[in-house]
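Q: Shown below is the structure under consideration.
The values are calculated or read from the model by the stated rules, or taken from the named source; none is laboratory data. Just so you know, these numbers come straight off a predicted model, no measurement behind them. Because the Cβ atoms are built from the backbone with ideal geometry, glycine has one as well, and the counts that use them run over all protein chains shown.
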Amino acid sequence: MKLPKRVTIVEVGPRDGFQNEKQFIPTDRKIEIINALGRTGLRVIQATSFVHPKAVPNLADAEEVMRRIDRAPGVLYTVLAPNAKGVQRAMAFQPAKINLMMSVSESHNRANGNRTIEESLRDFEALVPMILEAGVKPVGGMACTFGCPFEGRISIAQIMRVVDRYIAMGIKEAGLSDTIGSANPKLVYDVTSRMLDRYSQLQWHTHFHNTRDLALANILAAMQAGITEFDSSIGGLGGCPYAPNASGNISTEDLVNMMNEIEVETGIDLDALLAVSEMVKKVIPHPLNSAMSQAGKPWVLKEAPAEQQKIG
């Protein structure tokens, strides 16, 4: 099997996970969780999103979160911003990266951002020079690259249209997002292979939701194509407020466990990560979408019984 020696796992739970929760998560608890994540060995944490408070109430405290978190040495703290106002708010806190988010589906881009694709791109063309001048790295996000709830499959040509514009702006990193969890391993391999072949100058990452329990398989397919950076969310939290039936991301603890099992390095302490997952359980009023939080670590052996005993 063609596997990299090491991958980068980007924790997006504090943004993509918390944004989808109906009950407001206290700011102090968010900060505690982000600080704890920074001690697990993670090297990139997406801390929040600078969106309108009415659109995403749970992230109305973005400024306070960025002001008060402890920035662990060697950890990059990034944010998401969907428009000019969001970028301007974010820049005051010197994030390592600003993820510019739009959809490659016209219908979803209107539902999510109230903009056409062309309008979003024109906005970004004005913003990227400002971001670069401030020494911050802009990241070209692309939602619904593997399928849209309103339009179905998205053509490669449509994805390339957006990527070409990103490159022209000076963007050097881009992400492929399975926003509604409609991807499958063959589709993922085909799309990521074509992107890597055509745009080898870009740093690529993927973002998979586990709506249909295919996220780990899709990540493995992306690895086979050559992708080495993956978003995930503590506890499998997340979803898109503007996409029907969009459930959470692949859980960070499940992804780290798989990488450990197939001997791919992440630099992340799984025990420390599971401890953070326990913290999340205390602030989220529903079960986590994480196999590891339910089953625990594999190969924690028990003493064998002397004779047949019914378990459970």
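Q: With respect to Met101, is the statement that it is in contact with a strand residue (DSSP E or B) (Cβ under 8 Å, 6 or more places away or on another chain) and of a type outside the set (D, E, K, R) true?
A: yes
Q: Filter the range 140-153 down to the residues that are surrounded by 21 or more Cβ atoms within 10 Å (Cβ to Cβ) and either among the hydrophobic types (A, V, I, L, M, F, W, C) or part of a strand (DSSP E or B) (or both), then identify the one that is farthest from the chain's Cα centre (by Cα).
A: Cys148
Q: Which pairs have Cβ atoms under 7 Å, sit 6 or more apart or on different chains, and link a residue in the range 199-210 that is closer than 11 Å to Ile227 by Cβ and touching a residue at least 60 places away in the same chain (Cβ under 8 Å) to one that is surrounded by 24 or more Cβ atoms within 10 Å (Cβ to Cβ) and of a type in the set (Phe, Trp, Tyr)?
A: That search, which allows pairs on different chains as well, returns His205/Phe230.
Q: When the range 176-204 is examined, which residues are found to be crowded, with 23+ Cβ neighbours inside 10 Å and either among the charged types (D, E, K, R) or not in a helix (DSSP H, G or I) (or both)?
A: Selection gives Leu176, Ser177, Asp178, Thr179, Ile180, Gly181, Ala183.
Q: Take the range 244-283 and flag every residue that is of a type in the set (A, V, I, L, M), assigned to a loop (DSSP other than H, G, I, E, B) and crowded, with 18+ Cβ neighbours inside 10 Å.
A: Ala246, Ile250, Ile268 - these are the residues of the range 244-283 that are of a type in the set (A, V, I, L, M), assigned to a loop (DSSP other than H, G, I, E, B) and crowded, with 18+ Cβ neighbours inside 10 Å.
Q: With the requirement that a residue be more than 15 Å from Ala96 (Cβ to Cβ) and not charged (D, E, K, R), what does the range 50-63 give you?
A: Correct list: Val51, His52, Pro53, Ala55, Val56, Pro57, Asn58, Leu59, Ala60, Ala62.
Q: From the list Ile9, Ile45, Ile25, Ile31, exactly one residue is at pLDDT 95 or above and assigned to a loop (DSSP other than H, G, I, E, B). Which is it?
A: Answer to the selection: Ile25.
Q: What's the number of the only condition in (1) farther than 22 Å from Ser277 by Cβ; (2) without any contact (Cβ under 8 Å) to a residue 40 or more places away in the chain; (3) more than 15 Å from the chain's Cα centre (by Cα) that Met223 fails to meet?
A: So Met223 meets the others, but not (2).
Q: Checking Lys172 against (1) crowded, with 22+ Cβ neighbours inside 10 Å; (2) in contact with a strand residue (DSSP E or B) (Cβ under 7 Å, 6 or more places away or on another chain), which test does it fail?
A: (1)
Conditions (1) farther than 16 Å from Ile34 by Cα; (2) modelled with pLDDT under 95, marked per residue:
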residue	(1), (2)
Val51	yes, yes
Glu64	no, no
Ile69	no, no
Ala84	yes, yes
Ala90	yes, no
Ser105	yes, yes
Arg115	yes, yes
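Q: Consider the range 128-175. How many of its residues are in contact (Cβ under 8 Å) with a residue 40 or more places away in the chain, within 14 Å of Ile117 (Cα to Cα) and among the aliphatic types (A, V, I, L, M)?
A: 5
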